[in-house]
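Reading through the structure tokens given below for one structure.
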Amino acid sequence: MNVADAVAVRARLQPPDAGGDEGVELDVDALGDERAPLLAIAGSDDGSTPADLVRETADLVPGAEFALIRGAGHLPCAECGADSSYFSKISKF
């Protein structure tokens, strides 16, 4: 699935009068059989989105993968260097 396809799917899931993402419930049944690969990444030191919550969310998506970045907080992509396990996990995905 490319970016244009993902945008089209999101448009079908979000009610037309929603106006934004806050408080919007998506109609996941509208997704049908469409699937895209999912890599859920969490930092072990994330105080706002605990790694267990990210793992549980990933478990709801068939075929999803979960990666824990030890020593990272909420933004491992910004906190870790270019040679970090974060970028290694993404490139392997």
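Against the test of being modelled with pLDDT of 75 or more and at positive phi, the options Gly47, Gly71, Gly23, Gly19 yield a single qualifying residue, Gly71. I need the full set of residues from segment 50-76 which are loosely packed, with under 15 Cβ neighbours inside 10 Å, under 13 Å from the mean Cα position of the chain (by Cα) and assigned to a helix (DSSP H, G or I), in order please. The answer is Leu53, Glu56, Asp59.
Kindly provide the set of residues from segment 37-49 that are surrounded by 13 or more Cβ atoms within 10 Å (Cβ to Cβ), assigned to a loop (DSSP other than H, G, I, E, B) and not polar (S, T, N, Q), ordered by number. Break it down stepwise before answering.
The initial filter retains those residues of segment 37-49 that are surrounded by 13 or more Cβ atoms within 10 Å (Cβ to Cβ), namely 38-46, 49.
Still in the list and also assigned to a loop (DSSP other than H, G, I, E, B): 38, 44-46, 49.
Hits for segment 37-49 are Leu38, Asp45, Asp46.
Are there any pairs with C-beta distances below 9 angstrom linking a residue in segment 65-93 that is farther than 17 Å from Leu53 by Cα to a residue that is in a loop (DSSP other than H, G, I, E, B) and of a type in the set (Lys, Arg), with the two at least 6 apart or on different chains, and if so which? Going by the 9 Å Cβ cut-off, the qualifying pairs are Ser85/Arg70. Might you check whether a residue that is in a loop (DSSP other than H, G, I, E, B) and modelled with pLDDT of 85 or more occurs anywhere in segment 1-14? No, segment 1-14 contains no residue that is in a loop (DSSP other than H, G, I, E, B) and modelled with pLDDT of 85 or more.
The values are calculated or read from the model by the stated rules, or taken from the named source; none is laboratory data. All values reported here derive from a predicted model rather than from experimental measurement. Ideal geometry is used to build each Cβ from the backbone, glycine not excepted, and the neighbour counts take in all protein chains shown.
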